[in-house]
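So the structure is just underneath, and the comments pick up after that.
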Amino acid sequence: MREPGRLAVLGAGHVGSVIARLAIKAGYPVAIATSGDPEDIALITELIIPGAQPRWASDAVADADIVVLAMPLHRFLDLDPALLVGKLVVDAMNYWPAGDGVLEPFEGLGSSEVVARRLASSAVVKALNHIGYHELEDRARPAGAPDRKAAGVAGDDPAAVASIAGLVDRIGYDPVRLESLRAGRVLQPGGPVFGVVLALPEFERAVRQDARSLR
Ligand SMILES: NC(=O)c1ccc[n+]([C@@H]2O[C@H](COP(=O)([O-])OP(=O)(O)OC[C@H]3O[C@@H](n4cnc5c(N)ncnc54)[C@H](OP(=O)(O)O)[C@@H]3O)[C@@H](O)[C@H]2O)c1
């Protein structure tokens, strides 16, 4: 894949805006979309994500090398999987019953495994879900910075994981690869690194034991 490729961020809320800003800063061409008309986010995009191109979701995805899902999980269930066929997809979403309501398909499971089952013709990688949006932006650092932090990248397809590890690295985090979406359960709410921002050695220590038990 060309590096860096084109990104489509689906979701222009808290975390979608931050991911888009970080990616633009890292040199990625970025399109951003909601479920609606791009005209509706044109002004706000110009103000808060300068450089991002507001587009219809289908157009943004069609031209993208990487698609980031940054919408609430209950809204994902309304998304047509056909939109994402053949795409490399970053699942930055979390199952959060307090906000999403109880969603039976996600109860007791790894949310990205359920996402991947729905997107059976896409390569799904779990990443950028476990750090709050403020911190995700504030803690980003270039490679080699002494206070750089780590972020997890989990998936069943090693090539897809490698691509997204590259994205995570370029936007400002040391990527920690986890060898399956199942192992990526450590990144979700209730897991050892959800909501905490750790440097690489602490992050690896925190996830390895749990991830081994989830293989
Ligand atoms: N907030 C955080 O700090 C954070 C950090 C990491 C991960 N996450 C996860 O990221 C997800 C989004 O959280 P958020 O806080 O950013 O939510 P948010 O602020 O409510 O934003 C959600 C965005 O998704 C858009 N959207 C909904 N359905 C869509 C669709 N079918 N296609 C494209 N866009 C769509 C919404 O726009 P319309 O309604 O206009 O379509 C809105 O722009 C959640 O699963 C959350 O757990 C959040």
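The values are calculated or read from the model by the stated rules, or taken from the named source; none is laboratory data. The model shown is predicted, which means the values in this text are computed figures rather than measured ones. Counting neighbours? That spans all protein chains shown, and the Cβs are built from the backbone with ideal geometry, glycine included.
Brief remarks on what is shown
- Residue check, Ala162 in a helix (DSSP H, G or I), modelled with pLDDT of 95 or more and aliphatic (A, V, I, L, M): yes
- Within the span defined as region 121-131, one or more residues are of a type in the set (Lys, Arg), surrounded by 24 or more Cβ atoms within 10 Å (Cβ to Cβ) and within 15 Å of the ligand (Cβ to nearest atom).
- Residue tally, condition modelled with pLDDT under 95 and either closer than 15 Å to Arg6 by Cα or more than 7 Å from the ligand (Cβ to nearest atom) (or both), over region 78-98: 2
- Residue satisfying all of: in region 1-14; surrounded by fewer than 19 Cβ atoms within 10 Å (Cβ to Cβ), out of contact with any helix residue (DSSP H, G or I) (no Cβ under 6 Å at 6 or more places or on another chain) and modelled with pLDDT of 95 or more; farthest from Tyr173 (Cα to Cα) among these: Gly13
- Whichever residue in region 15-43 is farther than 14 Å from Leu167 by Cα and surrounded by fewer than 17 Cβ atoms within 10 Å (Cβ to Cβ) and, among such residues, is nearest to the chain's Cα centre (by Cα): Ser35
- Scan of region 60-76 for residues that are in a helix (DSSP H, G or I) and either within 12 Å of the ligand (Cβ to nearest atom) or crowded, with 21+ Cβ neighbours inside 10 Å (or both), ordered by number: Ala60, Val61, Leu73, His74, Arg75, Phe76
- If you check Gly190, Gly184 for being outside any strand (DSSP E or B), at positive phi and either of a type outside the set (A, V, I, L, M, F, W, C) or modelled with pLDDT under 95 (or both), only one passes: Gly190.
- Some residue of region 104-115 being crowded, with 20+ Cβ neighbours inside 10 Å, without any contact (Cβ under 8 Å) to a residue 24 or more places away in the chain and within 13 Å of the ligand (Cβ to nearest atom): yes
- Considering region 18-36, the residues that are more than 17 Å from Arg170 (Cα to Cα) and among the small types (Gly, Ala, Ser) include one that is nearest to the ligand (Cβ to nearest atom), namely Ser35.
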